[in-house]
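Q: Have a look at this one before I ask anything.
The values are calculated or read from the model by the stated rules, or taken from the named source; none is laboratory data. As the structure is a computational prediction, the values presented were derived from the model and not from experiment. Neighbour counts are summed over all protein chains in view; Cβ atoms, including those assigned to glycine, are modelled from backbone coordinates with ideal geometry. Ligands, DNA and RNA are excluded from the accessible area calculation, which covers all protein heavy atoms including side chains. Shrake-Rupley method; radii C 1.70, N 1.55, O 1.52, S 1.80 Å.
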Amino acid sequence: MLFYYPLKINDMKKIVTLLLLVLCAGSLFAQVNKKEVHRSPGKFLDDISQSKGQQVFTLPEAQFPTKDVNTKDVVNTIEIGQSGNAWGFAYNRTTFLWADNDINSVSFIHRMLNPPGTGYLAYDVSTDGGQNWSVNNQVYNPTLDDAANARYPQGLLYNPEGNTDPNEAYFTYFAPTLDASNPSSGGTWGGYCWGAKKLNEGSLPSQTDLPSGDNFYQYLPSGFTLTQLGEAWIVDEENSGETGEYEYTGNLIVGHGLWNEEIENFEYSFEHLELEINPESSINDIKIAFAPDGMTGWICALTYTEDVSEYTWYHPVFFKTTDGGQTWSEEPIDVELGGSDGLEEVRNFISDENLEEFFDPDPVPDRDEIPYYMGYHCDLAVDAWGNPHLMSVVAICDMVDLEWWNYEGVFALFHIYSADQGETWNSFVIDYPKTMDVELTSSTGSTMKMYNRAQVATTNDGAIVFFSFLDTRFEDYTDNIYPDIYFREYIPAIDMHGDEVINVTEWSEAMWTSYYGCMSHYVFSEFTGKGSYDCTIPFVYETLENLDISNPVQFHYISDFQRSYTFTALEDNKPLVSSVQNFPNPFSGVTGFNINLLYKSDVQIEVFDVSGSLVNYKSFSQLNNGPHRLEIDCNQLSQGVYFYNISAGESVFTGKMIIQ
């Protein structure tokens, strides 16, 4: 059974409804036609290109009720860094904000102000759980040799194993650059940049720039993460761009970064991962995430392959690793949305009434003959058991004219997940948003979309999964122009979602202004006992002056959105939840085991020879919940095959190891 003891936001919907009756009478926005369509998007060019003649939205502050920021349980916001414009925080990247529970620290990456220029990158960091911040710390310089202006940065905290001092941790980042080494999009993109900077005052940043080359056509990586073993990963769609237009090569680029202490930076290696898609399609988004043990990981691409039914258009396509990314599944895993093999809740989430209205005057087809689309953006996390959790928009679509509809009633935000390592797939409606996107403009006429920005997070042990998204909930508004941040949770151990969707920013300074709001991939969590957690979920959003995306923007941190959980479904005396394989294997000398505990326990490693005799043993006393790397020295053992048991309480995992 699941018990919630949340610090809730006040429910003032009745007041809002009355106020909005007045507000909507003076609405500045035309309603969208019932069957407004969207096509699969082309690739964006950033603020390097402009289009003319677009309306600039203005914020009608006089029409809004006063925000009572002293209301009980209203979240507080803290001003952090700034950027010269809104572009760097936009589109489908999600790894901007990163909390590290072990050192009570949180970081945020962004482009810089002018001067020095928006091609520079900076980070903001707090080492006291988000209460006090050091802001605008420059970490990338585009004027150095081989460098170029950076765009769409992602960043996080790297904490060396065993370290408890935030000053000895590092901020690290990864971003594309405009070095024109790949002729895609008119010859602007092609470079990667990455680097790191120790958090202690006075340290200097490291920086690496890499142009396209050696048969790698680099583009715009949208997946970036760090395993809890301290290994960095990026994923990109390869774009050859030989024609000057978007031209997917049939390969993903997967980058793997290992920390080099001497240069205080990650060293990346890159490989191709083949993913064939429908030649008339593209890839809308890609994400990568790992379980707390760092061994089971998933890549998800939103795209359209030719191996699905006629009732599934863009959909999730997964790759899986169980050996820490050394190898990935040979064949992609397609998750069908529509058709008889599609996800049941997807096929049934639209009401009969809404289907009749949508197809009117035509008859409504059988539900197994209605096609569905997922896009444009997604996010991904992996739980304690190595199972993936994806969040994205699903909408009804037309497979003939290649159009899809995302107005209220025929689209929803879905949680797509597996509870058995991808053997079967489940779906759940997180919420039915009123709006999906808005096209924001600048005084120069350039435009930029803001979507629902679905995001997924976990506790550091993967026991709880969190979801956030943006929505504008004004009657008759169809643009997501005044966004709040919404939230829901999920407990994998008992397959239960939170019983309500919570408006995080209601009545706070962030209310109706949470532009591009994002959530940290990991949350701050205090383990208070078996199945009990006190969590603080970090968010950042930006405010837009006059809703002009070319103006400088101010970022804000939400410091105190708190939730408490107690659930009783964890098995007694079975704290070890992830299957364990030693790494490296084969090996000589010392090998390690990456484990994840759901609560404090003693752990034992036993090694047996082929005759069954115990030849090595090591015990670890009272390890805390969460991921651990355990090592055992086998130098005294001769070459050959051995077997091992990893035990914690009554949970035992057995495997084979080879000593060279």
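Q: Working only within the stretch 82-128, note down all residues that are in contact with a strand residue (DSSP E or B) (Cβ under 6 Å, 6 or more places away or on another chain), at pLDDT 95 or above and either of a type in the set (D, E, K, R) or on the phi > 0 side of the Ramachandran plot (or both).
A: Asp100, Arg111, Asp124, listed by residue number.
Q: All but one of (1) open to solvent by less than 30 Å² (accessible area, probe 1.4 Å); (2) touching an Asp or Glu at 6+ places or on another chain (Cβ under 9 Å); (3) over 20 Å from Glu237 (Cβ atoms) hold for Asn149; which doesn't?
A: With (1) open to solvent by less than 30 Å² (accessible area, probe 1.4 Å); (2) touching an Asp or Glu at 6+ places or on another chain (Cβ under 9 Å); (3) over 20 Å from Glu237 (Cβ atoms) applied to Asn149, the lone miss is (1).
Q: Can you give me the number of residues within the stretch 212-245 that are part of a loop (DSSP other than H, G, I, E, B), in contact with a Gly (Cβ under 7 Å, 6 or more places away or on another chain) and in contact (Cβ under 8 Å) with a residue 40 or more places away in the chain?
A: At the first step, the residues of the stretch 212-245 found to be part of a loop (DSSP other than H, G, I, E, B) are 212, 214-215, 217-222, 227-231, 240-245.
Within this subset, residues satisfying the condition of being in contact with a Gly (Cβ under 7 Å, 6 or more places away or on another chain) are 212, 217-218, 227-229, 231, 244.
Filter once more, so that each one left must be in contact (Cβ under 8 Å) with a residue 40 or more places away in the chain: 218, 227-229, 231, 244.
Here the count works out to 6.
Q: Kindly indicate whether Asn596 is in a strand (DSSP E or B), closer than 20 Å to Ala463 by Cβ and at pLDDT below 95. Full working, then the answer.
A: Numbers: in a strand (DSSP E or B): yes; closer than 20 Å to Ala463 by Cβ: yes; at pLDDT below 95: yes.
Here the answer is yes, as Asn596 does meet what is asked.
Q: Exactly one condition in (1) crowded, with 21+ Cβ neighbours inside 10 Å; (2) out of contact with any helix residue (DSSP H, G or I) (no Cβ under 8 Å at 6 or more places or on another chain) is false for Val553; which is it?
A: Unmet condition: (2).
Q: Suppose we keep only residues that are out of contact with any Ser or Thr (no Cβ under 7 Å at 6 or more places or on another chain) and over 21 Å from Glu276 (Cβ atoms) within the stretch 326-343. Which one would you say is least open to solvent (accessible area, probe 1.4 Å)?
A: Ser340
Q: Moving on to the next point. When you go through (1) open to solvent by 40 Å² or more (accessible area, probe 1.4 Å); (2) of a type in the set (A, V, I, L, M); (3) free of Cβ contacts under 8 Å to residues at least 60 places away in the same chain one by one for Ile277, which number turns out not to apply?
A: (1)
Q: Here's another thing I want to ask about it. Please enumerate the residues belonging to the stretch 247-269 that are over 17 Å from Thr227 (Cβ atoms), part of a strand (DSSP E or B) and open to solvent by 50 Å² or more (accessible area, probe 1.4 Å).
A: Listed by number, the list holds a single entry, Thr249.
Q: Please work out if Gly186 is more than 29 Å from Leu390 (Cα to Cα) and either at pLDDT below 95 or acidic (Asp, Glu) (or both). Full working, then the answer.
A: Values: more than 29 Å from Leu390 (Cα to Cα): yes; either at pLDDT below 95 or acidic (Asp, Glu) (or both): yes.
Answer is yes for this residue.
Q: Checking Ala150 against (1) more than 29 Å from Gly517 (Cα to Cα); (2) within 26 Å of the chain's Cα centre (by Cα); (3) among the small types (Gly, Ala, Ser), only one condition comes out false. Which one?
A: (1)
Q: Are any of the residues in the stretch 80-96 in a strand (DSSP E or B) and either in contact with a Gly (Cβ under 7 Å, 6 or more places away or on another chain) or among the β-branched types (Val, Ile, Thr) (or both)? So that I can check it myself, show each step before the final result.
A: The first filter runs over the stretch 80-96 and keeps only residues in a strand (DSSP E or B), leaving 80-83.
Applying the additional criterion that residues be either in contact with a Gly (Cβ under 7 Å, 6 or more places away or on another chain) or among the β-branched types (Val, Ile, Thr) (or both) yields 80.
Among the residues of the stretch 80-96, at least one is in a strand (DSSP E or B) and either in contact with a Gly (Cβ under 7 Å, 6 or more places away or on another chain) or among the β-branched types (Val, Ile, Thr) (or both), which makes the answer yes.
Q: What number of residues in the stretch 376-397 are more than 20 Å from Asp341 (Cβ to Cβ) and in a strand (DSSP E or B)?
A: First, pick out the residues of the stretch 376-397 that are more than 20 Å from Asp341 (Cβ to Cβ): 376-387, 389, 391, 393.
Now drop any that are not in a strand (DSSP E or B), which leaves 376-382, 389, 391, 393.
Selection size over the stretch 376-397: 10.
Q: A further question on this structure: What strands (runs of 3 or more DSSP E) completely inside the stretch 509-586 contain at least 2 residues that are among the hydroxyl-bearing types (Ser, Thr, Tyr)? Before the answer, list the steps.
A: Working: elements: 515-519, 524-529, 532-536, 539-544, 553-558, 562-567.
Filter on the stretch 509-586 gives 515-519, 524-529, 532-536, 539-544, 562-567.
Q: Hey, another quick one. I'm trying to understand the selection: among the residues of the stretch 625-660, which are surrounded by 13 or more Cβ atoms within 10 Å (Cβ to Cβ), among the polar types (S, T, N, Q) and either more than 34 Å from the chain's Cα centre (by Cα) or under 29 Å from Phe524 (Cβ atoms) (or both)?
A: Answer for the stretch 625-660, where residues must be surrounded by 13 or more Cβ atoms within 10 Å (Cβ to Cβ), among the polar types (S, T, N, Q) and either more than 34 Å from the chain's Cα centre (by Cα) or under 29 Å from Phe524 (Cβ atoms) (or both): Asn625, Asn645, Ser651.
Q: Here are some conditions: (1) in contact with a Ser or Thr (Cβ under 8 Å, 6 or more places away or on another chain); (2) modelled with pLDDT of 95 or more. Arg347 meets all but one. Which one does it not meet?
A: It fails just one condition, (1).
Q: Exactly one of (1) farther than 23 Å from Ala457 by Cβ; (2) among the charged types (D, E, K, R); (3) at pLDDT below 95 is unmet by Glu161. Its number?
A: Status for Glu161: all satisfied but (1).
Condition check ((1) modelled with pLDDT under 95; (2) among the charged types (D, E, K, R)) across all residues:
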| site | (1), (2) |
| --- | --- |
| Asp560 | no, yes |
| Tyr565 | yes, no |
| Lys574 | yes, yes |
| Phe583 | yes, no |
| Ser588 | yes, no |
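Q: May I pose another question? Is it fair to say Asp209 is open to solvent by 60 Å² or more (accessible area, probe 1.4 Å) and either of a type outside the set (A, V, I, L, M, F, W, C) or without any contact (Cβ under 8 Å) to a residue 40 or more places away in the chain (or both)? Walk me through it before giving the result.
A: Numbers: open to solvent by 60 Å² or more (accessible area, probe 1.4 Å): no; either of a type outside the set (A, V, I, L, M, F, W, C) or without any contact (Cβ under 8 Å) to a residue 40 or more places away in the chain (or both): yes.
No, not satisfied.
Q: From the set of residues in the stretch 299-319 that are in contact (Cβ under 8 Å) with a residue 40 or more places away in the chain and more than 24 Å from the chain's Cα centre (by Cα), which is surrounded by the fewest Cβ atoms within 10 Å (Cβ to Cβ)?
A: Checking each candidate, the answer is Glu310.
Q: Also, quick follow-up: Starting from the stretch 320-345, take each residue that is more than 16 Å from Gly422 (Cα to Cα) and list its partners that are assigned to a loop (DSSP other than H, G, I, E, B) and at pLDDT 95 or above, counting only C-beta distances under 7 angstrom and pairs at least six apart or across chains.
A: If the second residue must be assigned to a loop (DSSP other than H, G, I, E, B) and at pLDDT 95 or above, the pairs left are Gly338/Tyr311; Gly338/Ile370; Gly338/Pro371; Gly339/Tyr311.
Q: Take Glu345 and decide whether it is more than 30 Å from Ala463 (Cβ to Cβ) and not in a loop (DSSP other than H, G, I, E, B).
A: When the stated conditions are applied, Glu345 does not pass them.
Q: Okay, next question. Here are some conditions: (1) closer than 30 Å to Phe539 by Cα; (2) surrounded by fewer than 13 Cβ atoms within 10 Å (Cβ to Cβ); (3) β-branched (Val, Ile, Thr). Ile595 meets all but one. Which one does it not meet?
A: Here Ile595 meets the rest and fails (2).
Residues are listed down the side, and each one gets a yes or a no for (1) farther than 25 Å from Phe487 by Cα; (2) open to solvent by less than 10 Å² (accessible area, probe 1.4 Å); (3) outside any strand (DSSP E or B):
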{"residue": "Glu408", "(1), (2), (3)": "no, no, yes"}
{"residue": "Leu413", "(1), (2), (3)": "no, yes, no"}
{"residue": "Ile416", "(1), (2), (3)": "no, yes, no"}
{"residue": "Glu423", "(1), (2), (3)": "yes, no, yes"}
{"residue": "Lys434", "(1), (2), (3)": "no, no, yes"}
{"residue": "Ser443", "(1), (2), (3)": "yes, no, yes"}
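Q: Where residues in the stretch 275-295 are closer than 25 Å to Gln581 by Cβ and part of a strand (DSSP E or B), which of them is farthest from the chain's Cα centre (by Cα)?
A: Phe290
Q: Here is a list: Asn182, Asn200. Which entry is over 17 Å from Glu264 (Cα atoms) and either over 26 Å from the mean Cα position of the chain (by Cα) or crowded, with 24+ Cβ neighbours inside 10 Å (or both)? Outline the logic, then answer.
A: Values: Asn200 fails: over 17 Å from Glu264 (Cα atoms).
The match here is Asn182.
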